[in-house]
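Enquirer: Next up is a structure, given as structure tokens.
The values are calculated or read from the model by the stated rules, or taken from the named source; none is laboratory data. This structure is a prediction, so every number in the text was calculated from the model and none was measured. Here Cβ is always computed from backbone atoms with ideal geometry, including for glycine, and neighbour counts include all displayed protein chains.
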């Protein structure tokens, strides 16, 4: 695979408008492993993918007993390729952008309408009985789309009627109930485990955090932030 920069097929955002454009972009960038050798969809494809996990995307053009099908895997296995596709400069920008997407998953309706297959996306959302959003502006964007673009109806209680479905939408922020955690700590202040931890620390202050080891959580930045705080205070 060449590491030299080749002429892109337009801006990176265009490469994500549909899967065909993405494949063309990867092929032009020499970031695609492509084969016409027949492969069995029963374990063989996944076996090859697992062997090359973390490498370029893999495109299988000849799937056994599937004459009209192709299979692509490992689309997001390589961070460098992800950065090209999304136009990100580095891992820090990737983490920030993903975190922003989690916080604000639906843009205003004017921007939402520019997305490819936006109606299919909203129709798929309405297949669920309950749709939860973190920020209220994301739910507002959802309501705006339903009312203005889908010929649907938003009821006073938050219920949505659209695409032949009646669904409930609401805001459910993800966070930690700090009051509950504080009460739990107070209840266990004199427990055997707490006393043992006090003896082990011998007056040393301890900062505890509970997180999944997920690259999107910005753990590296968080560790550095704690380090800076401790150095400064």
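Condition check ((1) touching a helix residue (DSSP H, G or I) at 6+ places or on another chain (Cβ under 6 Å); (2) at pLDDT below 95; (3) exposed (fewer than 13 other Cβ atoms within 10 Å of the Cβ); (4) under 25 Å from residue 118 (Cβ atoms)) across all residues:
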residue: 5; (1), (2), (3), (4): no, yes, yes, no
residue: 17; (1), (2), (3), (4): no, yes, no, yes
residue: 43; (1), (2), (3), (4): no, yes, yes, no
residue: 49; (1), (2), (3), (4): no, yes, no, no
residue: 54; (1), (2), (3), (4): no, yes, yes, no
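Enquirer: Oh, and also: When you look at residue 77, is it assigned to a loop (DSSP other than H, G, I, E, B) and surrounded by 14 or more Cβ atoms within 10 Å (Cβ to Cβ), yes or no? Write out each step before concluding.
Expert: Details: assigned to a loop (DSSP other than H, G, I, E, B): yes; surrounded by 14 or more Cβ atoms within 10 Å (Cβ to Cβ): yes.
Here the answer is yes, as residue 77 does meet what is asked.
Enquirer: Which of the following residues is in contact with a helix residue (DSSP H, G or I) (Cβ under 7 Å, 6 or more places away or on another chain) and at positive phi: 164, 218, 152, 158?
Expert: Working: 164 fails: in contact with a helix residue (DSSP H, G or I) (Cβ under 7 Å, 6 or more places away or on another chain); 152 fails: at positive phi; 158 fails: in contact with a helix residue (DSSP H, G or I) (Cβ under 7 Å, 6 or more places away or on another chain).
It is 218.
Enquirer: Determine, yes or no, whether residue 59 is modelled with pLDDT under 95 and either in contact with a helix residue (DSSP H, G or I) (Cβ under 9 Å, 6 or more places away or on another chain) or surrounded by 15 or more Cβ atoms within 10 Å (Cβ to Cβ) (or both).
Expert: So residue 59 fails the test.
Enquirer: Under 7 Å by Cβ, and 6 or more places apart or on different chains, what pairs join a residue from the range 89-113 that is touching a residue at least 12 places away in the same chain (Cβ under 8 Å) with one that is surrounded by 14 or more Cβ atoms within 10 Å (Cβ to Cβ) and part of a loop (DSSP other than H, G, I, E, B)?
Expert: Here the result reads 94/88; 95/218; 99/218; 103/134; 103/135; 104/135; 112/106, each pair linking the range 89-113 to a residue that is surrounded by 14 or more Cβ atoms within 10 Å (Cβ to Cβ) and part of a loop (DSSP other than H, G, I, E, B).
Enquirer: Return yes or no: is residue 221 touching a residue at least 60 places away in the same chain (Cβ under 8 Å) and more than 30 Å from residue 152 (Cα to Cα)?
Expert: Considered against the rule, which asks whether it is touching a residue at least 60 places away in the same chain (Cβ under 8 Å) and more than 30 Å from residue 152 (Cα to Cα), residue 221 comes out as yes.
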